[in-house]
Amino acid sequence: MTVKPRILVLQHRPTDTPLNKCRPDADLVFTESVPRALALLQRERFDGVYADTADLKLLQQAGTVLQADRILESLADAVVLVDTELNVLWANAAFESWAGGPCKGKTFYEALGSPEILGPDYSPFHTALAHGPISTCLHAPNGKYLHLHVTPIRSASPPGEVTHFVTLGRDITAERQQQQKFDAIHRAGRELAALDPDALSEMSIEGRVDLLKSNILRYSRDLLHYDVIEIRLLDEATGKLEALIAEGMTPEAKDRTLFAKAEANGVTGCVAVSGKSYLCPDTAEDKHYLLGAAGAKSSLTVPLIYQDKVIGTFNVESPKLNAFTDEDQQFLEIFSREIAAALHTLELLVAEKRTTANQSVEAISREVAMPVDEILTAATALLDRYIGHDEEMSERLQHVLSNARAIKQCIQRVGETICPAAAADEQTPRHHKLRGLRVLVADNDERVRRSAHQLLGRIGCVIETAHDGKETVTMARLGNYDVILTDIRLPDMNGYEVFKKIRACQPKVPVILMSSFGYDPSHSLVKARQEGCRGVLYKPFRVDQLVDVLETLREPARSEPRTAAAVR
């Protein structure tokens, strides 16, 4: 049996072809479309091709196809035509460069070296076949990240049948790597001050700061590839930029004093005051640049900003001219925001630890204060009995009193050692005047005595308390106090009697009388004022009122007797 030759006939009107007459024994395959003819030639075997050059419509189509082919070949993005079996029928130069050479005869995935499908669609051709155009991403073995858009091509006859897929591809490697760097920076930011809670509780403030500095240096080198790093923190009170990290900087640069000012404070000062990044491509030509790293020829400085507020600066330098790009600036600004947030978190942790330690010390002082006062009053009463009669016992009692008072001072010193900043924060400049002031408080109400320890002890006063008039007078006679506060209604004496006895044994010690809501049946306040009492407080009183009276008594007494402002 003779096999008929197969001839592809490209003609607009197939019925008029001369081949019907000259080759009746040929198997003629007709097509009216140049693109369709090209597709048939790629998929099937033909012995010849016939085209009617007199057909203007076909010539126009051919010209269009040729023009489109040239356009597709010149595109930077990849274009590939595959059949329903995913065999590559045609690919432009961009796709073949991805594949490393000609792709004809290979399937789409074979041409790309069996890439990893990253999604969001993990079967793009199958999905496009069922639902229409679809997009997804691939990661090729050569390291490229590719974004694909797959479109099904449907035939006119039979209508709707998918015969091919056109795939458009774009190289998104740079974008993907940039996003990965963004993600890595954000992860690094979250880890800058992150610690296991158990480890965190055991670390000192200095340890946490050292950990943060170590993490900043590590991520700056590993992620951003910077070896010369300077970070300064802004002191709001003074405007000074204190050095936190100065890796790779000269000793002179490390010790340089800088302020947040635009002039004479280098690029760092300009950034701190403006809150804007500063890219210096050539340090030799920049009027603001001050030498940081030896041999530095370009620098990049960005602000550390937290909640729209500049809290410091981050500076990096390079021995190359124009070493930093806009992308470098973008990455450094992102990392700087993470650093600012980490510094803020660290500050909160330090404040929390400081507050907790301070509260613990206060609680211990509060609980120890009253028992120690009981020891003091009892030992003072015994000392009063043995003075002049038994020297050995008197010395022992003096030793007991000294040790009892030392207990409170030890607790206070421990608190200041644990969190010195907390102790300083509790005391305003006016409170510093009262620090170390020795105060004796006499009141039968335990709540008042406890409050005196809590309120005055917090600002640095040394407080001791007594229950009644006899204890008060004995402690005043045998002790050394700067001020004595006594209620006018003690169990065994009224306020005037206590005032008179204290004046008799300690004429120079100021005495403050305290009264509840101005009630004074024995007229102690009037009598004491007439004899020079310099202070009166009406309970319940506020801390600021108590401080005002104590400050008044610290002032030198005038020639005329004067009372402190009586406050209600």
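A few notes on this one:
- Residue count for segment 366-378 satisfying the condition of being small (G, A, S) and at pLDDT below 85: 1.
- Residue count for segment 148-166 satisfying the condition of being surrounded by fewer than 18 Cβ atoms within 10 Å (Cβ to Cβ) and either at pLDDT 90 or above or of a type in the set (D, E, K, R) (or both): 4.
- Residue within segment 253-273 that is among the polar types (S, T, N, Q) and in a helix (DSSP H, G or I) present: yes
- Residue that is nearest to E338 (Cα to Cα) [pool: residues in segment 294-326 that are assigned to a strand (DSSP E or B) and among the aromatic types (F, W, Y)]: Y306
- Top-ranked residue in segment 440-462 [being part of a strand (DSSP E or B) and modelled with pLDDT of 90 or more; ranked as surrounded by the fewest Cβ atoms within 10 Å (Cβ to Cβ)]: V441
- First in segment 544-560 and loosely packed, with under 12 Cβ neighbours inside 10 Å and assigned to a helix (DSSP H, G or I), second anywhere and among the aliphatic types (A, V, I, L, M) and modelled with pLDDT of 80 or more, Cβ under 9 Å, 6 or more apart: none
- Looking across I172, I117, one residue alone is without any contact (Cβ under 8 Å) to a residue 24 or more places away in the chain and surrounded by 12 or more Cβ atoms within 10 Å (Cβ to Cβ). It is I117.
- Being modelled with pLDDT of 90 or more and within 25 Å of N215 (Cβ to Cβ) is a property that does not hold for A284.
- Criterion violated by L485 - all others in (1) in a strand (DSSP E or B); (2) without any contact (Cβ under 8 Å) to a residue 40 or more places away in the chain; (3) among the aliphatic types (A, V, I, L, M) satisfied: (2)
- Residues of segment 206-224 that turn out to be farther than 21 Å from D328 by Cα and surrounded by 18 or more Cβ atoms within 10 Å (Cβ to Cβ), as a count: 3
- So K144, is it at pLDDT below 90, under 20 Å from A91 (Cβ atoms) and within 40 Å of the chain's Cα centre (by Cα): yes
- Candidates A406, A363, A294, filtered to the one that is of a type in the set (G, A, S), farther than 30 Å from S274 by Cβ, surrounded by fewer than 17 Cβ atoms within 10 Å (Cβ to Cβ) and at pLDDT 80 or above: A406
The values are calculated or read from the model by the stated rules, or taken from the named source; none is laboratory data. These numbers come from a predicted model, not from an experiment. As a convention, Cβ positions derive from the backbone with ideal geometry for all residues, glycine included, and neighbour counts pool all protein chains shown.
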